[in-house]
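The structure appears below as structure tokens.
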């Protein structure tokens, strides 16, 4: 095992030559910016790292424009960092080697919607909320929901998932194809609109989760789903986290096709109440959602209610109107910001471990014991149906000791998750923050293979360099 | 578009040096064979290519043994071809550059079953039937079912799927992790037992579908599923293929979670009747299966019956007992062999196109018209719920003209599928047979990227060389 990853960044800028800057200005005019405010805005994400700005930011409107920027960067061996909405949590966007930030947030076209095939192609800057608005009229939805209103390019790049993954899978399962600008500035298409294929290497899934280190994703072809005939959300309270997790394990093992199954511990409920005035009973709870026909939703709910009751679940409450459901899920999604606003001056250090479902109670128990002993404010929210949960420590922005304590506990939890045959990151990615953990988890041989792939596809190491692993 | 792929193989053997042969004999004794019968048995698959044997066959019992063979092959720059059950359809196993065949069919251990997590790890030689027997007592099953009783290593290597994919996905979605012997003879593990992960590049899915060209898969960790509470199969007859396909399209667009949805055309039904004496009504039909609770299966069946009736579906018949269902599915799985036994002296040239579901009727219509005009015996079976179908031509073994006609029609169908944004292969893989089609489908840039990956991971080009693309 490696030492906890140093939060002190090693910044080694590779300057943008004047000729390249001039070429960018010629082509992009005001959409090429070196203004400090713009660079600083693009030099941070939701991680606790210090702002580390790129040297220049270019706002692209098309795949061709991205290709032009990357071709120049390739020629001058300058780093390229793709930027969507800035909602990463692991330092993915920080310009640790300087370079040019390719902002795709203006690439918001729904390129092609094929409701009859349940597919859509979008530009990388389309956010999941924009997509869902665009397809709702057709009776369709896109289920992957990481909480933040992230861009679909960014979600693909980090292999994002979230609350619906227990039923609908992650970006890994829901991306059919991509348009990618390679490290040399060429444009390739991966995948087709067919639901499955055995045609050669799975380039689509090589880029999904590659965190911008192999190329820039500029378009994404996605699976869509018919809006369920019936949707019902429910909350259920438990005396302790262990009982809530025990109920989850049984729900999964019985094969109930639950659409969402989220754990909130007592602290999370309190922060949410403080923020959203929901008046939730202050105890650990499960927040669930069921999708299907009227009869199937009713049946799922009855099964789950039976399981929960056996484990002491109480106060089962339903939210069947869209408004009530939205209120609950909005509150859940705001847990992250609620934690910070209820603890002023704090930033969040969050874990993202994911373990086989049968080991979930064990790791959560251990983690709670250690978190309680630490004295730091914390809360737990979890996509527990997948075995994935986040323990978020709230640490004073300038308190190095608190941060070190949180990082140390986070490291211990990752070690535990790996020992239980799980992963250090269910959905946030490696970025800068988990580079040491990746070696612990995958082993030197597998990480060396990743390095070999990186060197082969990006020989000048210009694509988001310094992330996922050191070279 | 390229010319139809030449069935004349270009065989360029790279001899196994005496020193390597001696080392293999020392270590493996009688499990190292150069007997002609053994080599010939390993030099063919279910494709219409002539037998092309390896120089030596080694029967391995463990990952370590595979690693030892590959390390030797790496040292001597000798080709390595992994072999499971020999059920490939596209020439994957043919030793076009000679070398050593690594037979993993004795690697039949269930390494670890974790019913509480719905996961299992098996050696690569375990077949899907063996796996299902091993997990049935636990109330679990593994759904991927390509028809043949293939090995799970081989199924992973070709990204196989089959009848259940419409509900449960393909090997792409159901492999959690792999043990792989790399081209230099090292052993790496990819993935974990967690259901999802964002930890670095998706090496698992790089190897799934790589057809033995990047390394040898020696162990596979898979998702399992609880046996459904209720299972029901149904057949429904239609006046023509178009109506059957129309019903399928509506079933999928409505989001009915059908577990299997198979098309059999009139010819397929006749061949099956001839072989299995099932006495099926001789008309195009859909063969479907529904999984779920009693109530959910009933509801799905009613919905589907309604859709089918609107499109002229007749004679809806149920098979609710396991025996009746097995009889039907066994007959379906034997269609391939029924075609050949009902057409003595013939081999099968089969297509494997997969298109977006809304284009399925169009491509099947065109293909039927061309097949009818050709005068060749043919039949259609299809995993139509995925947009995937197989049109199988039966050509006299030694009739070059018939084969050329079939290959030409197959090529036209692939062109059509690609024009409709589909793929040349839904589940069989590229092998030797579809190498030209891959370039048509993916484009030169994407295939060049695949070549770059191959060269990076297998610089001596020893892993199943000459397959998927030329170097």
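For the reader, a short list of remarks on this structure follows.
- The alpha-carbon atoms of segment B:317-471 define a convex hull whose volume equals 160 cubic angstrom per residue.
- Tail fraction, Cα-Cα pairs, segment B:102-220, threshold 16 Å, whole percent: 58 percent
- In terms of overall dimensions, chain A has a Cα radius of gyration and Dmax of 22.1, 70 angstrom.
- Exposure proxy order (Cβ contacts within 10 Å, fewest to most) of B:329, A:318: A:318, B:329
- Antiparallel bridges, percent of DSSP beta bridges restricted to segment A:324-471 (to nearest 5): 95 percent
- The mean sequence distance of close C-alpha pairs (under 8 Å, at least 6 residues apart), as a share of the length of chain A, puts its relative contact order at 16 percent.
- Span from the segment A:367-398 Cα centroid across to the segment B:218-278 one, whole angstrom: 47 Å
- Principal axis dimensions, segment B:273-353 - Cα atoms, whole angstrom, descending: 48, 29, 27
- Potential extension, residue B:337-residue B:75 segment - 0.36 nm per residue separation minus Cα distance: 90.2 nm
- Segment A:48-168, relative contact order in percent, only Cα pairs under 8 angstrom and at least six apart counted: 23 percent
- Mean separation of Cα contacts under 8 Å, 6 or more apart, over the residue count of segment B:125-249: relative contact order %: 26 percent
- Scattering profile of segment A:96-154 at q = 0.14, 0.24, 0.25, 0.31 Å⁻¹ [log10 I(q)/I(0), Debye over alpha-carbon scatterers]: -0.42, -0.98, -1.04, -1.35
- Antiparallel %, DSSP beta bridges [both residues in the protein assembly as shown], to 5: 85 percent
- Cα Rg, Dmax, segment B:157-270, angstrom units: 18.7, 57
- Counting every alpha-carbon pair across segment A:37-89, the share separated by more than 14 Å comes to 57%.
- Separation of the residue A:40 and residue B:316 label points, Cα + 7 Å toward Cβ, nm: 6.7 nm
- Between the helical axis of B:294-310 and the longest alpha-carbon principal axis of chain B there is an angle of about 70 degrees.
- Here the Kirkwood formula puts the hydrodynamic radius of segment A:206-291 at 15.9 Å, using every distinct Cα pair.
- A Förster distance of 51 Å, applied to the separation of the beta-carbon atoms of residue B:229 and residue A:415, puts the FRET efficiency at 0.80.
- Across the alpha-carbon set of segment B:404-465, the Rg to Rh ratio works out to 1.04, Rh being the Kirkwood radius.
- For segment A:57-148, the normalised intensity computed at q = 0.13, 0.22, 0.25 Å⁻¹ comes to -0.54, -1.08, -1.23 (log10 of I(q)/I(0), Debye sum over alpha carbons, equal scatterers, no solvent).
- Principal semi-axes of the equivalent ellipsoid, √(5λ) from the alpha carbon gyration tensor of segment B:346-430, are 21, 12, 11 Å from largest down.
- Rule-of-thumb Rg ratio for segment A:214-356 [Cα; 2.2 N^0.38 Å; N residues]: 1.16
- Copy-to-copy label separations for residue A:306, where each label sits 7 Å from Cα toward Cβ, in nm and ascending: 2.7
- Computed over the protein assembly as shown, the percent of Cα pairs more than 47 Å apart is 24.
- Per residue of chain B, the DSSP helices (runs of n ≥ 4 H) give a summed -39500 (n - 2.57) that works out to -11500 deg cm²/dmol at 222 nm.
- In the assembly of identical copies, residue A:35 has its label point, taken 7 Å from Cα in the direction of the beta carbon, separated from the corresponding points by 8.0 nm (ascending, one decimal).
- Label-point separation in nm, residue B:281 to residue A:295, each point 7 Å along Cα→Cβ: 2.4 nm
- Other copies of residue B:445: label-to-label distances in nm, shortest first, labels 7 Å along the beta-carbon direction: 3.6
Computed from the coordinates by the stated procedures, all read-outs in this text should not be read as laboratory data. Just so you know, these numbers come straight off a predicted model, no measurement behind them. Positions of Cβ are backbone-derived with ideal geometry, glycine not excepted, and every protein chain shown enters the neighbour counts.
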